[in-house]
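One structure is given below, encoded as structure tokens.
The values are calculated or read from the model by the stated rules, or taken from the named source; none is laboratory data. In this text the structure is predicted, and so the values were computed from the model without any measurement. With ideal geometry, Cβ positions are generated from the backbone for all residues, glycine too; neighbour counts draw on all protein chains shown.
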Amino acid sequence: MRLLTPLVLFLLIPTMASAHFGAIIPSDDMVGPEDARTLTLEVKFIHPMEGHTMEMARPKRFGVLHNGRKKDLDDTLVSSKRSEEERTVWISEFKLRRPGDYTFFVEPVPYWEPAEDLFIVHYGKVCVNALGLEQGWDEPVGLETEIVPLTRPYGLWTGNLFSGQVLLKGKPLPFAEIEIEYLNGSSADGQPIPTPDGPLVSQVIKADSNGVFHYAMPKSGWWGFSALSEADWTIHRNGVDKHVEIGAVYWVHTIDIP
């Protein structure tokens with residue numbers, strides 16, 4: 001009888017309520033001509049709905065794509081202890097100097113998750129519109145895996161449909177599974193909702209044969225979309241090659257109609 005590998009056994013276990021999400025949360029997703037033009041971006045590794053934060057090492061790469069050009073922002077990151085657990089998050093201050101869409105992205109250092117016996121690497125993205133020029137939000141960054149929005153990812157009302165396409169090595173990932181979580185406490189009033197149980201913590205949908213998915217956000221605040229897959233490379237740990245879970249993570253913000 002053929003024995004199942006540890007990874008296969010892991011994949012056969014029902015998904016736990018606590019999903020990991022890499023996150024880039026800006027102080028605003030839309031900045032108008034009369035607004036302050038300095039953004040504060042918080043880069044962290046979290047369980048969004050449940051409000052837990054994991055320790056995060058200095059990211060391997062942090063940058064922004066604007067007007068077709070990528071800029072390295074690694075030197076803007078400052079460590080901070082902004083969570084109740086006193087875990088490290090990273091803060092960046094960024095000056096918006098020109099109109100257009102700014103897609104911020106992060107590649108973290110692999111995170112070892114002993115409970116799953118694997119490493120986790122979540123490539124995170126978020127788009128901020130500046131000064132009224134709506135241009136560039138649908139451009140891919142070129143990460144190993146990423147979500148490219150098909151819906152303009154800002155100026156979204158609660159209940160709007162968000163559509164995206166999952167890419168792996170620049171090509172559509174058919175039938176990708178996407179986990180979706182609400183960043184609890186991110187609504188305009190800042191009041192967290194009671195944490196639900198079981199499957200209500202993370203929503204799960206599947207993309208179609210072209211890697212395209214759709215989801216309507218039912219509450220105002222920040223929503224994270226995470227498409228997971230297994231890397232075709234491993235990381236050596238204690239004499240053993242360990243599997244790596246890579247995630248394409250995208251964050252969007254919704255507001256209530258007054």
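A compact table of results
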{"quantity": "Residue list for the stretch 207-258, filter: among the β-branched types (Val, Ile, Thr) and in contact (Cβ under 8 Å) with a residue 40 or more places away in the chain", "calculated": "Val212, Ile235, Val244, Ile246, Val249, Val252, Thr254, Ile255, Ile257"}
{"quantity": "Qualifying residue in the stretch 114-124 (condition: surrounded by fewer than 19 Cβ atoms within 10 Å (Cβ to Cβ) and under 19 Å from Pro48 (Cβ atoms))", "calculated": "yes"}
{"quantity": "Restricting the stretch 159-176 to residues that are within 11 Å of Val148 (Cα to Cα) and among the polar types (S, T, N, Q), the residue that is surrounded by the most Cβ atoms within 10 Å (Cβ to Cβ)", "calculated": "Gln165"}
{"quantity": "So Gly224, is it crowded, with 20+ Cβ neighbours inside 10 Å and more than 22 Å from Ile46 (Cβ to Cβ)", "calculated": "no"}
{"quantity": "Residues (of a type in the set (Gly, Ala, Ser) and on the phi < 0 side of the Ramachandran plot) located in the stretch 229-258", "calculated": "Ser229, Ala231, Gly247, Ala248"}
{"quantity": "Qualifying residue in the stretch 236-255 (condition: touching a strand residue (DSSP E or B) at 6+ places or on another chain (Cβ under 9 Å), hydroxyl-bearing (Ser, Thr, Tyr), at pLDDT 95 or above and assigned to a loop (DSSP other than H, G, I, E, B))", "calculated": "no"}
{"quantity": "Any pair with Cβ under 7 angstrom, 6 or more apart, that starts in the stretch 121-133 at a residue that is under 23 Å from His243 (Cβ atoms) and modelled with pLDDT of 95 or more and ends at one that is of a type in the set (Asp, Glu) and buried (at least 24 other Cβ atoms within 10 Å of the Cβ)", "calculated": "Tyr123/Glu146"}
{"quantity": "Residue in the stretch 81-96 that is farther than 22 Å from Val148 by Cα, of a type in the set (Lys, Arg), surrounded by fewer than 20 Cβ atoms within 10 Å (Cβ to Cβ) and at pLDDT 95 or above present", "calculated": "yes"}
{"quantity": "Top-ranked residue in the stretch 168-193 [being charged (D, E, K, R) and either outside any strand (DSSP E or B) or touching a strand residue (DSSP E or B) at 6+ places or on another chain (Cβ under 9 Å) (or both); ranked as farthest from Ser229 (Cα to Cα)]", "calculated": "Asp189"}
{"quantity": "Subset of the stretch 194-206 (residues that are touching a residue at least 60 places away in the same chain (Cβ under 8 Å) and part of a loop (DSSP other than H, G, I, E, B))", "calculated": "Thr195, Pro196, Asp197, Val201, Ser202"}
